[in-house]
Amino acid sequence: LPLTWRSDGYSEIDLPTPLAGVYEVRITGSGGGACTFDDAISFKVPPIRTVRVDWRAAQPDWPKQLGWQVSSAGDVDLRVISLAEATRMPRDDVPLLILAPTEIQGRSERINLFDDGHPLMADINLDVLEREIPPFPIPADFGGQIVVRAAPGRGWVAIRPHACLIPAPPPLAATDSVATRLRHTLFFNAIKHLLVEKPLPPLFSVTSPA
């Protein structure tokens, strides 16, 4: 593959790595011979590891649709439970997503307090949230911070270290609506936030040339 050098002396090129394994790259000048510095590099791409989830909430089809591996072992990347289980769940370092079922939600309420800059609120329209999704009771022993609060003790999003509490998302195949898209966005924002908190292994590591 030809390299075109920029004025700052650098060049970039995309190298597809469709399979796991060790890849070797060698740079050769147009006149032949080695480059001034190292002319070879090798890097290893390990097999892509799927997210391992302990899914204990409703809608058990979600992990399959996301390509996740369901596991009840202790060494998982994410645990998903319903709000009813939250008080019985011991607190540990496993990222925990707590889903509040829609049946415990009441009527729409005004937003009283919110943290607009929190990562969970990315792409969330608060006016739509207030109008389309009623808040739910936040357990007194949840602790942490209510990211979007209605009246005291009620809200839409709450967090504590290694845990998020959000409205349960509808199925991926649910009828498209503003409320459905909003719930899905909150769901994926929470997953991203929790998995960034516990980073997955890197996709590849660079090794020194032989």
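The values are calculated or read from the model by the stated rules, or taken from the named source; none is laboratory data. Nothing here was measured: the structure is a model prediction, and the numbers come from that model. Because the Cβ atoms are built from the backbone with ideal geometry, glycine has one as well, and the counts that use them run over all protein chains shown. Calculation scope for accessible area: heavy atoms of the full protein, side chains included, ligands and nucleic acids excluded. Shrake-Rupley method; radii C 1.70, N 1.55, O 1.52, S 1.80 Å.
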Restricting to the stretch 162-210, count the residues that are under 21 Å from Arg131 (Cβ atoms), within 15 Å of the chain's Cα centre (by Cα) and either modelled with pLDDT under 90 or assigned to a loop (DSSP other than H, G, I, E, B) (or both). 1
Just checking, does the stretch 31-40 include any residue being of a type outside the set (S, T, N, Q), outside any loop (DSSP other than H, G, I, E, B) and modelled with pLDDT of 80 or more? no
If a residue has to be at pLDDT 90 or above and either small (Gly, Ala, Ser) or open to solvent by 40 Å² or more (accessible area, probe 1.4 Å) (or both) to count, how many in the stretch 120-136 make the cut? 4
What residue, of Ile111, Ile159, Ile146, is surrounded by 13 or more Cβ atoms within 10 Å (Cβ to Cβ), in a loop (DSSP other than H, G, I, E, B), in contact with a strand residue (DSSP E or B) (Cβ under 9 Å, 6 or more places away or on another chain) and not polar (S, T, N, Q)? Ile111
If you scan the stretch 67-103, which residues turn out to be at pLDDT below 85 and either in a strand (DSSP E or B) or surrounded by fewer than 14 Cβ atoms within 10 Å (Cβ to Cβ) (or both)? Ser72, Ala73, Gly74, Asp75, Thr87, Arg88, Pro90, Arg91, Asp92, Asp93, Glu103
